[in-house]
1. Consider Y602 against the criteria (1) among the hydroxyl-bearing types (S, T, Y); (2) crowded, with 19+ Cβ neighbours inside 10 Å; (3) farther than 18 Å from P333 by Cα: it satisfies all of them except one. Which criterion is unmet?
2. Out of the strands (runs of 3 or more DSSP E) lying entirely within the range 529-614, which hold 2 or more residues that are touching a helix residue (DSSP H, G or I) at 6+ places or on another chain (Cβ under 6 Å) and under 17 Å from C505 (Cβ atoms)?
3. Quickly run through the range 634-664 and pick out the residues that are at pLDDT 85 or above and among the polar types (S, T, N, Q).
4. Of the conditions (1) hydrophobic (A, V, I, L, M, F, W, C); (2) modelled with pLDDT of 95 or more; (3) surrounded by 24 or more Cβ atoms within 10 Å (Cβ to Cβ); (4) under 29 Å from the mean Cα position of the chain (by Cα), L593 satisfies every one except a single condition; which number is it?
5. May I ask you to list the residues in the range 370-397 that are closer than 16 Å to V415 by Cβ, aliphatic (A, V, I, L, M) and at pLDDT below 90?
6. Can you name the condition, by its number, that K690 falls short on among (1) modelled with pLDDT under 90; (2) touching a strand residue (DSSP E or B) at 6+ places or on another chain (Cβ under 9 Å)?
7. Just to check your reading of the model, which residue among R764, R708, R745, R699 is surrounded by fewer than 20 Cβ atoms within 10 Å (Cβ to Cβ), out of contact with any Phe, Trp or Tyr (no Cβ under 9 Å at 6 or more places or on another chain) and modelled with pLDDT of 95 or more?
8. Do we find a residue being farther than 18 Å from W474 by Cα, modelled with pLDDT under 80 and not in a helix (DSSP H, G or I) anywhere in the range 618-633?
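The values are calculated or read from the model by the stated rules, or taken from the named source; none is laboratory data. Remember, it's a predicted structure, so these values are computed and weren't measured experimentally. Glycine also receives a Cβ, built like all others from the backbone with ideal geometry; neighbour counts cover every protein chain displayed. Keep in mind that these areas ignore ligands, DNA and RNA; they rest on the heavy atoms of the full protein, side chains included. Shrake-Rupley method; radii C 1.70, N 1.55, O 1.52, S 1.80 Å.
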Amino acid sequence: MARPKSAAPRARSTRPKSAETAASLLYVHGIGQHTPNDALKLEWDLALFGRDMGPRSRMVYWADIVHPPQTGRPAAARVSATAAKGVDVDTLLRGVSVDPGRPGARELAAALLTRAGVGVRDGASGGPRKRVLPLPASWRKPLARHFLEALVGDAAAYLFNPAQRARIQQRFAAALDDHTAPVTIIAHSLGSVIAYEGLAALAPRAQRVMQLITLGLPLGIAEVQDFLAPPGRKVPATLAQWHNFSDPLDPVALDAGLSGDFVPSGFIRDQRIVNTRSRSLLELDPHSAVGYLAHASVRRVVHDLLRMDPMARFVLARDVAELLGTEPQLRHPVLIEVLEPGYSALDETPERTRQREHRTATANAMMKAAAPEKGHASAPAPLQLADRVVQVAAQLETLVSDKAAARIDPLQRFVAAHLTAEELRTVAAAHRELRVYAVWRSSRKAKLTARSLQTLKADAALASFGAAGQGITWAVLDTGVRADHPHFKAAMDGNGSLIDAVWDCTQPGKPVSIAKAQDPDGHGTHVAGIVSGKEAAGPHRGVAPRATLVVYKVLDDQGEGEDAWIIKALDHIAQRNANSGATVQLHGINLSLGGPFDATVYGCGFSPICAELRRQWRDGVLVVVACGNEGQLQVQTAGGEVDLNTAMSIGDPANLEDCIAVGSVHADKPHLYGVSSFSSRGPTADGRPKPDVVAPGERISSCNASFRAGKGDLYRVESGTSMAAPHVSGLLAAFLSVRREFIGRPDEVKRILLDACIDLGRDRYHQGRGLPNLMQMLLAV
C-alpha cells in the first residue's frame, strides 16, 4: 500500500554519525549449499535491515569447504534423501552396534529422528525433548554420530572431520581479526556451534566487547553438546551479551532454554518467538534464517545492539524481506516504487518530501488554473516519472525468468509485479541502477462484509432540496457490478443506465472496459445500489438516486484483490480528472474494502494505497472508506469462546487522515443500539481519532447481483461497514448536487459533514462525530 516518501518509518536517525557506524556485524550461516558469499550476505542484510549494509556487515562463509562451488541458487540442504523416505529404527541402531531390543534404545533412536523432522518407520514413542532418556554418553554419542552422518551431512562434516572443522574455524578467527571493537555476531543453526566454539577458544580481551545472537541453534541438545570443543558448557569470557531466539516449530531448536545449560546460569537471554506471519507463507521452512532475521523481535535486538535507528531507510519492506525465505518457484505480488526525477535513493527525508509535495501541488493547481484545457497533462514531472516507470518495467522484464508469470504492470508511480525470492534479491541489489525507491507488498484487500434514508435525513433533503445526486459522478472500487440490474435504470425512465462505465483492473495492462458487466461475488453491486439508483416501483432507492456511477473492478470474484489493482484504478481516475479541464469529472470514490496495517513496515496512513488516495483528495476528490469489521474478536477461554471488543482496530486505508472513514450503526435505531459490535474502533495506531462518522450498516437491503428475471429476488440483505460507507458516499453526492460550489473542495465538505453530525452519545473512538445529517449540511451553507 503506497505512501509518499514522507512516510514516518523512513525517517533518519537523529544520533550522531559516529553512533551509526561504530559497531561491526558478523554473520555465520548454517547448513546448506548456499549462494555465493556476497549474495548470501546481501540476503541477510535485506532480511534484517531492508538494504545492503556494505562494509558494515560480513559473512563468515564456509559452505564452499563442505560443498563444491555451484552455479545458480540450490535449495538449502535440510536432511538427506534418506530422511525424506523415512528411516527404519532397527537399521539405525544396528549401524552403531546397539541391540534394538535393549531397553530405551528404540525410544532414543525414534526421538532423535522425530526431533529432526525425519520420517520414522517404527511405532516409536516419545517426543522432542532436550534429553530424551537418561542414558550414558557411551550410548548417546555413537548413536547421535551415526544419525548425523546419515542424515545431516553438513553437521557431520564439521563435527567429525577435524581438517574441515579447523578450516572453518580459521575463517571465523580471521573474520574476527579483521574487525575492531565492538563486534556483533549473528549465527544461525550450525553456525551457532561454529561461533560458540570460535569464541570459546579466544582469550578474554578487555578491549573487545562481543555480542552474540543465535537463531535456531541446536546447542540445547545434549547429543550436540557431547561433541563441543572445548568440552563443557561455559559462556565464552569475551561475550558481553548473548541473545538466543527459537521458533517452536523449528525442528533444530528443540530446546529453547539455554540459560540454565551454560555457566554462568542466567547469562543467556532466551526468547521464544512465534513467527505467525512467516508460518502463513506457503512453503516457508520454520528453520529458515530469513524467517528469523525478518522477525520484529530479532530486528529490535539487533538494532539496539548496533545503536541503529529501526526506522532507517530501507529498500525492501520487512514483509517483503520475509519472502526471501520462501521456495524458489513461488511468486509474490509486490509494488516497486520508482524514484521521482531529481531525487536519489538516499537523499529523501520526510521533511523534504512534504516540501516537495507542497510545491508540486501548488504548481499543478496554478497550471490547471492558467491552462484548464490542458489540465495536469501539461506538467512535465508526471511525464518524466511516467517515462521512468516504463523504463523500470522494461528493465524488469529482462530480469525475470517468466514474463507471463511475473505479471509486470507499469502504473503511474509504481511497477506492479509477481516476483520470486531470487528476483526480489536482484531488484534490491540493483535498486540504484533501476532507480527504485522501495519495494512493498501488494497487500491483499478484501470486501468488508432497511434502506436507511430517514436515519440520514436523506429523504427530507430529497423532498425539500431535490438532493438526488444529479450531475454528480461517483467511483465505486469493488468486485464490479451487475450492470443490467433494473435498479440502475429506473431513475432514467428505463432508457440508458446510471452506470456510466465498468473497468476491470485485475489484469496486467491498462484498465479494460466491460460492456456487459457481471458481478459473481455480488458485493460491488450491493454497494453501488446503496449509493445510487431506484427500484421501478418500490421502496428501494439509493441515497443519491440520480448520481452517475463509474465502477472499477479491483477485487476478484471471491472478493479479494491487490493494492496494485486499486492503485491502477486510482491512476485511471486521476488521468480522467486531469483531462477534464478546470473541474473534476469524478467527484468521489467509495472503497468498501480494506486490510490490516503493519506499523513495522510504514507509518499509519502512509502505505502505498494511502499515498495515492491522499493525492486524489488533494486533487479535489472526496474519498470515503469503510473503517473495517474488526471491532469484535473471538477468543478461546477455559469457559469456551468469548467475543471481545477491541480498540485500535481501524484498518488500512481507513487510517488515512485525508479521507472520511465510516463505521457502522443500527439502521433503524442508532440512538438506542449505537455502534455495531463488529465496527472497527479507534484510535488509529498513531493516536488519531477514527472513524470520522458512522452510518447504517446492519441488515441493509440492496441490489442482488444474482437476481433472476421474474423471480422477485432483486434485493438481498447484508451487514458490515461495507454497507455504511456507500451511505455516506451517496449523502455527499446528494449534497454536491445541490451545493455545487463545493465541488473540488473536499476539506470544506468534510468540515461541513462533521459539524452537522448528530451525537449518538457514544465514545468518540467508536462513533466518530456521530451520524451524518444531510438536512443540516444543506441548511448550514
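1. Failed condition: (3).
2. Values: elements: 548-553, 560-562, 588-591.
Of the strands (runs of 3 or more DSSP E) lying wholly inside the range 529-614, those with at least 2 residues that are touching a helix residue (DSSP H, G or I) at 6+ places or on another chain (Cβ under 6 Å) and under 17 Å from C505 (Cβ atoms) span 548-553.
3. If the condition is that a residue be at pLDDT 85 or above and among the polar types (S, T, N, Q), then S649, N655, S664 are the ones that fit.
4. (2)
5. Across the range 370-397, the qualifying residues are L385, A386.
6. Condition not satisfied by K690: (1).
7. From the options R764, R708, R745, R699, the qualifying one is R745.
8. Within the range 618-633, one or more residues are farther than 18 Å from W474 by Cα, modelled with pLDDT under 80 and not in a helix (DSSP H, G or I).
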